Structures are given as C-alpha cells and as structure tokens.
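The structure under discussion is supplied below as structure tokens; questions concerning it will follow.
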Amino acid sequence: MTLLITVFAAIISTMAWYVRIDRGDMQLGFLSLMFCGASIMWFVDAVFEYAELGAEYFTPAMEDMMNDAFLGLCVVALGLVIWMVRLLIRDPGGRLRGALVRKS
C-alpha cells in the first residue's frame, strides 16, 4: 500500500509539474522528485520483502495493509510539508515578502 500511495503521489505531482513546466514558480519539480524518490525506495523495499517472503507477500493481513496505508499517507503528508516549507523559504513570487512588508 505504501508503494501504491507514493506512486500515485509521484504521478499526480509529475503531471502537475508537466502542465506548469513553463512557470517554475511553485517548484513542483522538487515535489515530483521527492515522491519519485520515495516510490523507488518503497519499490526496493518491496523487492527485498518479496525475496524474503515469496508468495506470502501477495496475501498480507488486513492489519498490515492498514499500517502500510497509514505509513503511505504519512509519507505523502510529510513530503507536502517539506515542499511547503521550502516554498515559503524560497518565496519564488515574492508574495510572502510583499505581504510582510505591507504589514510593517
């Protein structure tokens, strides 16, 4: 489940990056690379787990599936938080800086 969730996040973020490729203001390439890296990591984990368990890998218990789904959602949420913090620090459009200057 973790692999599936991160692959979907990688696909969605890559499609969003590709649609907005001419405008790099949201730094979607960074988000896409994070989720693609996480997908590769979970794929390698799945290969090694399959090598260890064999055919049992394809019949997980419901509790294991729920734990993996929760872990996948946490990974995606953490990736989004890291991306938002990076976006706020970089402030590509100068929007945050402009809002802070106007209030001062």
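The values are calculated or read from the model by the stated rules, or taken from the named source; none is laboratory data. Owing to the predicted nature of the structure, the values given are computational and were not obtained by experimental measurement. Here the Cβ positions follow ideal geometry from the backbone for every residue, glycine too, while neighbour counts run over all protein chains shown. Surface accessibility is based on the protein's heavy atoms, side chains included, excluding ligands, DNA and RNA. Shrake-Rupley method; radii C 1.70, N 1.55, O 1.52, S 1.80 Å.
Listed here are the residues, each with its yes/no results for (1) modelled with pLDDT of 90 or more; (2) aliphatic (A, V, I, L, M); (3) more than 12 Å from the chain's Cα centre (by Cα); (4) at negative phi.
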site: Arg23; (1), (2), (3), (4): no, no, yes, yes
site: Leu31; (1), (2), (3), (4): yes, yes, no, yes
site: Cys36; (1), (2), (3), (4): yes, no, no, yes
site: Val47; (1), (2), (3), (4): yes, yes, yes, yes
site: Phe58; (1), (2), (3), (4): no, no, yes, yes
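Oh, and also: Go through Asp68, Asp64 for me and flag whichever is modelled with pLDDT of 90 or more and in contact with a Pro (Cβ under 9 Å, 6 or more places away or on another chain).
Asp68
A further question on this structure: Determine if segment 85-92 includes at least one residue that is among the β-branched types (Val, Ile, Thr), open to solvent by 70 Å² or more (accessible area, probe 1.4 Å) and either part of a helix (DSSP H, G or I) or at positive phi (or both).
Yes, the conditions are met somewhere in segment 85-92.
Follow-up. Residue check: is Asp68 in contact with a Ser or Thr (Cβ under 7 Å, 6 or more places away or on another chain), assigned to a helix (DSSP H, G or I) and charged (D, E, K, R)? Reasoning before the result, please.
Working: in contact with a Ser or Thr (Cβ under 7 Å, 6 or more places away or on another chain): yes; assigned to a helix (DSSP H, G or I): yes; charged (D, E, K, R): yes.
Here the answer is yes, as Asp68 does meet what is asked.
Still on this structure, please answer the following. Being open to solvent by less than 40 Å² (accessible area, probe 1.4 Å) and within 16 Å of Leu73 (Cβ to Cβ) is the filter here, so list the residues in segment 1-30 that pass it.
Thr2, Ile5, Thr6, Ala9, Ala10, Ser13, listed by residue number.
With the condition kept exactly as written, say whether any residue in segment 46-61 is out of contact with any His (no Cβ under 7 Å at 6 or more places or on another chain), farther than 18 Å from Val7 by Cα, of a type outside the set (Lys, Arg) and in contact (Cβ under 8 Å) with a residue 24 or more places away in the chain.
Within segment 46-61, none of the residues are out of contact with any His (no Cβ under 7 Å at 6 or more places or on another chain), farther than 18 Å from Val7 by Cα, of a type outside the set (Lys, Arg) and in contact (Cβ under 8 Å) with a residue 24 or more places away in the chain.
Go through (1) in contact (Cβ under 8 Å) with a residue 60 or more places away in the chain; (2) among the β-branched types (Val, Ile, Thr); (3) not in a helix (DSSP H, G or I) and name the single condition Val76 misses.
For Val76, the exception is condition (3).
Between a first residue in segment 1-25 that is under 28 Å from Phe58 (Cβ atoms) and a second residue that is open to solvent by 90 Å² or more (accessible area, probe 1.4 Å), which pairs have beta carbons less than 8 Å apart while being 6 or more apart in sequence or on different chains?
Hits for this filter: Leu3/Phe43; Ile5/Leu73.
Being open to solvent by 60 Å² or more (accessible area, probe 1.4 Å), free of Cβ contacts under 8 Å to residues at least 40 places away in the same chain and in contact with a Leu (Cβ under 7 Å, 6 or more places away or on another chain) is true for just one of Leu96, Leu100. Which residue is that?
Leu96
How many of the residues making up segment 48-62 are surrounded by 11 or more Cβ atoms within 10 Å (Cβ to Cβ) and assigned to a helix (DSSP H, G or I)? Before you say what the answer is, go through the steps one by one.
Taking segment 48-62 first, the residues surrounded by 11 or more Cβ atoms within 10 Å (Cβ to Cβ) are 49-50, 53, 57, 60.
Okay, now just the ones that are also assigned to a helix (DSSP H, G or I), so 49-50, 53, 57.
Qualifying residue count, segment 48-62: 4.
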